[in-house]
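**Student:** Quick one: the structure is below, questions incoming.
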Amino acid sequence: KVELAPREVEIYEFELIGMPDPDHGVFRVSCGKGMYVRSLARDLAVVLGTCGYVSALRRISSGAFGIENAVSLADLEGSAAKNEAKTTLLPIKSALEPVCTLNLMASEAQTLRSGQSLLIKPHFGDIFDEDVIFTEHNGVPVAMVEPVAGELRVLRGFHF
């Protein structure tokens with residue numbers, strides 16, 4: 001038996017949208033990160049004095065991404081076969097918004113790609129208050145970095 005510690009989560013919307021029969025309900029949930037919908041179903045059942053489970057779960061959005069922009073695996077395989085996957089998929093940068101983006105010169109990009117820290121330069125602008133920064137050179141991802149003690153330290157490098 002697994003004991004899960006309770007934690008606070010945000011539920012923005014919890015709506016009963018259908019009842020196919022007296023023992024089943026269809027719900028729409030809009031919630032913050034870290035929310036387990038299966039736990040919500042279990043907890044609702046407990047409050048109602050019964051048992052409950054999730055028989056189907058469909059995520060229709062996560063952050064800035066919605067089902068309306070989804071690509072089927074078959075379509076992705078087809079575009080990959082035509083060597084067009086890069087035009088089908090969104091760039092890495094789109095998953096990181098609103099993370100600050102810093103465009104680097106070639107020498108700066110090479111420094112970070114080798115795992116070295118890069119001194120913060122005036123032309124970088126005011127980045128000292130950022131927790132994490134996405135860096136790129138000519139549109140190609142270089143690394144995720146953090147500003148520490150006057151330099152950019154690599155958190156995760158990208159090798160393309």
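**Student:** Somewhere in region 48-63, is a residue at pLDDT 90 or above, touching a Phe, Trp or Tyr at 6+ places or on another chain (Cβ under 7 Å) and loosely packed, with under 11 Cβ neighbours inside 10 Å?
**Tutor:** no
**Student:** Quick check: anything in region 12-24 part of a loop (DSSP other than H, G, I, E, B) and of a type in the set (A, V, I, L, M)?
**Tutor:** No, that holds for no residue.
**Student:** Answer with yes or no whether residue 87 is among the hydroxyl-bearing types (Ser, Thr, Tyr) and open to solvent by 80 Å² or more (accessible area, probe 1.4 Å).
**Tutor:** Against the criterion (among the hydroxyl-bearing types (Ser, Thr, Tyr) and open to solvent by 80 Å² or more (accessible area, probe 1.4 Å)), residue 87 qualifies.
**Student:** Let me ask another. Mind checking whether some residue in region 29-42 is of a type in the set (Gly, Ala, Ser), surrounded by 13 or more Cβ atoms within 10 Å (Cβ to Cβ) and outside any strand (DSSP E or B)?
**Tutor:** Yes.
**Student:** Within region 134-150, can one find any residue that is under 29 Å from residue 61 (Cβ atoms), open to solvent by 50 Å² or more (accessible area, probe 1.4 Å) and touching a Leu at 6+ places or on another chain (Cβ under 7 Å)?
**Tutor:** Yes, there is a match, as at least one residue in region 134-150 is under 29 Å from residue 61 (Cβ atoms), open to solvent by 50 Å² or more (accessible area, probe 1.4 Å) and touching a Leu at 6+ places or on another chain (Cβ under 7 Å).
**Student:** Another one. Only residues in region 95-108 that are surrounded by 11 or more Cβ atoms within 10 Å (Cβ to Cβ) count as the first member; pair them with residues that are of a type in the set (Phe, Trp, Tyr), Cβ under 8 angstrom, at least 6 apart or cross-chain, and list the lot.
**Tutor:** 95/65; 96/134; 99/134; 100/134; 101/134; 102/124; 102/134
The values are calculated or read from the model by the stated rules, or taken from the named source; none is laboratory data. As the structure is a computational prediction, the values presented were derived from the model and not from experiment. Ideal geometry is used to build each Cβ from the backbone, glycine not excepted, and the neighbour counts take in all protein chains shown. Heads up: the accessible areas ignore ligands, DNA and RNA and are worked out on the full protein's heavy atoms, side chains in. Shrake-Rupley method; radii C 1.70, N 1.55, O 1.52, S 1.80 Å.
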